[in-house]
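The block underneath contains the structure these notes are about, expressed in structure tokens.
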Amino acid sequence: MPSAIVTGATGILGRQIVFELSRHAPQWPTVHALSRSKKEDYPDNVIHNHVDLTSSADDMASKMQNVRGDYIFFAAYLAKDSEKEAWDVNGAMLENFLTALTKTGAIADVKRIILVTGAKQYGVHLGVPKNPMLEDDPWLSGEEWPPNFYYNQQNILHKFCKEHGKEWVVTYPNDVIGFANGNFMNLSLALALYATITKELGQDLVFPGSPTFYTKFDCFTSTKLHAEFCAWAALEPRAANQAFNVVNGDTESWQNLWPKVAKYFGLRVKPDQFAPDTKGYATQAASRLRLSSTPAPLESSSVTLHEHPPISALAPQLGLRDHTLTQPSKVEQQIDLVKWAQRGEVREAWRRVAEREGLQEDVFEKATWGFLGFVLGRAFDLVIGMSKARKAGWVGYEDTWECLEGVFGELGERGLVPRVK
């Protein structure tokens with residue numbers, strides 16, 4: 001029976017891989033969960049190991065003497081302020097970890113290494129990509145592009161596996177929907193907090209992101225589906241030495257999801273949410289809560305992304321040279337969520353809700369409002385193809401709304417937002 005090693009075991013994707021493997025104890029009798037801290041109560045077949053992946057290979061090896069596995073799931077990630085820092089730190093974590101396996105001799109047991117990355121592979125943080133995004137799209141690795149740490153990690157992995165005769169798999173999830181204790185870079189949590197506070201303020205739910213993106217398309221990844229894919233890809237012969245997109249299988253838009261979010265939290269979508277005059281949104285709360293003065297108008301924002309959107313790399317071949325899509329893309333927020341979260345009436349509303357419902361009050365301070373603003377503010381389509389995985393035999397599918405609804409429920413059960421009755 002195979003055994004596994006999972007790094008980043010308390011992260012939003014790594015945590016779910018641990019629990020997916022542990023659900024199938026007869027197939028995966030031993031799962032080593034590696035992280036700097038333990039935030040979970042693991043099943044009996046999971047062994048937690050305190051390992052700091054930012055330490056040296058020698059330090060890691062000293063803590064991994066009894067850590068052995070047939071399959072490695074590398075889901076560790078460390079956010080950094082600059083692309084160069086992310087390249088250096090995340091590349092070093094992977095390289096030092098692999099070196100540590102050779103120092104302990106554990107590499108002799110390894111059959112396949114699964115590396116978790118993301119759709120940043122396609123430059124979605126830089127602007128309009130080519131749609132649909134496919135695994136054989138060229139890497140944006142010329143001098144005109146900022147460093148992409150996923151490319152560094154994949155090059156490290158490919159070189160290591162070639163030298164040691166091991167197989168590899170790489171996954172590209174996008175806009176992940178899931179939950180992890182203490183992990184606040186979470187689209188679902190920030191979205192639930194936004195809706196909860198909107199309700200407390202007596203307002204209709206307004207989409208804070210790009211009015212353009214509201215009717216465009218996006219593809220999401222359930223952490224549970226991604227974990228199931230990783231378990232499948234570890235053992236599937238046709239998956240060897242391949243990179244795969246891993247998204248739910250449906251293509252969604254916020255024009256479809258937003259009314260469902262509103263209904264779930266007992267709200268309605270503001271009928272004219274994209275009307276130029278937003279004063280009504282600010283005064284609505286004032287009248288319902290009988291405030292002595294009207295809150296200041298809500299601030300919008302617009303940020304221009306990289307001078308070359310990803311699609312420009314393929315524009316001549318696609319017949320799109322000098323097309324408007326090759327102009328710099330924008331992230332637009334009709335309600336700047338970072339500034340919204342700093343407003344006095346917003347913070348006071350959260351304090352009231354947290355006290356009344358017995359919630360973890362510090363959740364609001366730790367929520368990544370900038371991350372949600374970016375996800376909702378990209379004014380372009382993000383369509384990710386699943387044909388390669390389907391041809392290899394993968395049949396997994398998840399309904400994105402059902403996935404989001406399930407995570408909202410879990411957040412309520414854990415006391416991060418009010419339970420929805």
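The values are calculated or read from the model by the stated rules, or taken from the named source; none is laboratory data. Since the model is a prediction, treat every value here as computed from it, not as a measurement. Ideal geometry is used to build each Cβ from the backbone, glycine not excepted, and the neighbour counts take in all protein chains shown.
Observations on the structure shown:
- Counted residues, region 322-374 - those being closer than 25 Å to residue 129 by Cα, in contact with a Gly (Cβ under 9 Å, 6 or more places away or on another chain) and charged (D, E, K, R): 3
- Restricting region 1-22 to residues that are assigned to a loop (DSSP other than H, G, I, E, B) and over 23 Å from the mean Cα position of the chain (by Cα) leaves a set whose member that is farthest from residue 171 (Cα to Cα) is 1.
Residue-wise test of (1) in the same structural domain as residue 69 (by TED's automatic domain parsing); (2) out of contact with any helix residue (DSSP H, G or I) (no Cβ under 7 Å at 6 or more places or on another chain); (3) in a loop (DSSP other than H, G, I, E, B).
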{"site": "210", "(1), (2), (3)": "no, no, yes"}
{"site": "230", "(1), (2), (3)": "yes, no, no"}
{"site": "233", "(1), (2), (3)": "yes, no, no"}
{"site": "259", "(1), (2), (3)": "no, yes, no"}
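- Any hit, region 270-279, residues being surrounded by 18 or more Cβ atoms within 10 Å (Cβ to Cβ), modelled with pLDDT of 95 or more and either assigned by TED's automatic domain parsing to the domain that holds residue 20 or not in a loop (DSSP other than H, G, I, E, B) (or both): no
- Unmet criterion (only one of (1) assigned to a loop (DSSP other than H, G, I, E, B); (2) under 24 Å from residue 248 (Cβ atoms)) for residue 147: (2)
- Scanning region 46-59 for residues that are in contact (Cβ under 8 Å) with a residue 24 or more places away in the chain and either surrounded by 17 or more Cβ atoms within 10 Å (Cβ to Cβ) or in contact with a Leu (Cβ under 6 Å, 6 or more places away or on another chain) (or both) yields a count of 6.
- Selection of region 75-95 for residues being within 24 Å of residue 231 (Cα to Cα) and part of a helix (DSSP H, G or I) yields 90, 91, 93, 94, 95.
- Every pair of residues 6+ apart whose Cβ atoms lie under 9 Å, when the first sits in region 62-91 and is without any contact (Cβ under 8 Å) to a residue 12 or more places away in the chain while the second is small (Gly, Ala, Ser): 62/100; 80/86
- Counted as qualifying within region 294-410 are the helices (runs of 4 or more DSSP H) with 2 or more residues that are more than 30 Å from residue 142 (Cα to Cα) and charged (D, E, K, R), namely 344-357, 363-366, 387-391.
- One residue from 169, 124, 128 being part of a loop (DSSP other than H, G, I, E, B) and more than 16 Å from the chain's Cα centre (by Cα): 128
- Total residues in region 230-249, condition within 17 Å of the chain's Cα centre (by Cα) and under 14 Å from residue 385 (Cβ atoms): 6
- Residue in region 171-194 that is under 30 Å from residue 110 (Cα atoms), hydrophobic (A, V, I, L, M, F, W, C) and modelled with pLDDT under 95 present: yes
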